[in-house]
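**Student:** Can you read through this structure? Questions will come right after.
FYI, it's all coordinate maths here, none of it is from the lab. Just so it is clear, the model here is predicted, and its values are computed rather than measured. We place every Cβ from the backbone using ideal geometry, glycine too, and count neighbours over all the protein chains shown.
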Amino acid sequence: MRTPFLLLLASTMLFACRDAAPDATKTPAEGAAAKAAPSAPSAPEAPAQPPPKAAELAAPAAPAATPAKPAAPTEGTKEPGDTAPEAFEGTAAAIEKKIPEVHTVELRSVRAGRHAAFDRVVFEFSGALPGYRVEYIDKPVRRCGTGDVVTLAGDGWLRVRMTPARAHDEAGRPTLSPVEERPKLPVLLQLAPTCDFEGELTWVLGVGSPNRYRVLELRDPPRIVVDVKHGRAP
């Protein structure tokens, strides 16, 4: 009767020893370290970022353009070499200058511009200045040679006759650049060529009223300048 009891006791002790034995696949040091090392805490998750707003994704608006200022009225530029004062007394009588007829000069350009107190007409020549006579005339204004009447704007007609001068070369080709014949200035209303024949060159200025004027001679290049005042003489 004792033998079965002893066999049962021996089997129970064998299974208990097997469960208590260390893992044979690990060294003693690894087993001890595994027991001693605490498990690493998991890293906290980063908070989710809210999606960008639509206004943040839009490109910044460009600044509004500054409205352009209206351009100031164009004033006539002072001619190179002109040292005459802007204010002048002027005259309404004829102004004349004669020169020896050495050779005929050619007219290259006619231009007009506005100044503070007068309107200006410039006759530019090649080589030298011709003689001239400037004076107010009565209607009708006629073309030389044909006698045709020239209609002019304004209540005054200032004739500028230059000699010896012409607006064409030896072959008859024009030497004059295009001219604005109606410059729309305060006093000067129209420019009209009336003669280019046998060394006589004439232009007539249609002005609002027969105001006082002056004549200037400028060089480099040679120019005859006629300034007509804006206001009548008191």
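**Student:** Could you check the range 170-184 and list, in sequence order, the residues that are over 22 Å from residue 113 (Cβ atoms) and surrounded by 11 or more Cβ atoms within 10 Å (Cβ to Cβ)? Reasoning before the result, please.
**Tutor:** Step one: list which residues in the range 170-184 are over 22 Å from residue 113 (Cβ atoms), which gives 170-174.
If the condition is that a residue be over 22 Å from residue 113 (Cβ atoms) and surrounded by 11 or more Cβ atoms within 10 Å (Cβ to Cβ), then 174 is the only one that fits.
Quick grid of which residues meet (1) surrounded by fewer than 15 Cβ atoms within 10 Å (Cβ to Cβ); (2) β-branched (Val, Ile, Thr); (3) farther than 26 Å from residue 169 by Cα:
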position	(1), (2), (3)
89	yes, no, yes
102	yes, yes, no
106	no, no, no
120	no, no, yes
127	yes, no, no
132	no, no, no
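**Student:** For the range 142-169, which positions are surrounded by 16 or more Cβ atoms within 10 Å (Cβ to Cβ), among the hydrophobic types (A, V, I, L, M, F, W, C) and within 21 Å of residue 122 (Cα to Cα)?
**Tutor:** Of everything in the range 142-169, those that are surrounded by 16 or more Cβ atoms within 10 Å (Cβ to Cβ), among the hydrophobic types (A, V, I, L, M, F, W, C) and within 21 Å of residue 122 (Cα to Cα) turn out to be 152, 157, 158, 160, 162, 165, 167.
**Student:** Here's something else I'd like to know. Does any residue in the range 96-110 that is closer than 15 Å to residue 223 by Cβ come within less than 6 Å, Cβ to Cβ, of a residue that is surrounded by 13 or more Cβ atoms within 10 Å (Cβ to Cβ) and acidic (Asp, Glu) six or more places away or on a different chain, and which pairs are these?
**Tutor:** 108/124; 109/124
**Student:** Contact list please: Cβ distance under 6 Å, first residue in the range 121-137 and farther than 13 Å from residue 106 by Cα and in contact (Cβ under 8 Å) with a residue 24 or more places away in the chain, second residue buried (at least 16 other Cβ atoms within 10 Å of the Cβ) and among the β-branched types (Val, Ile, Thr), pairs at least six apart or on different chains.
**Tutor:** Filtered contacts from the range 121-137: 121/226; 122/225; 132/224; 134/160; 134/215.
**Student:** Any idea how many residues of the range 151-174 are over 39 Å from the mean Cα position of the chain (by Cα) and hydrophobic (A, V, I, L, M, F, W, C)?
**Tutor:** 1
**Student:** Evaluate the range 210-217: report whether one residue or more is buried (at least 20 other Cβ atoms within 10 Å of the Cβ) and of a type in the set (Ser, Thr, Tyr).
**Tutor:** yes
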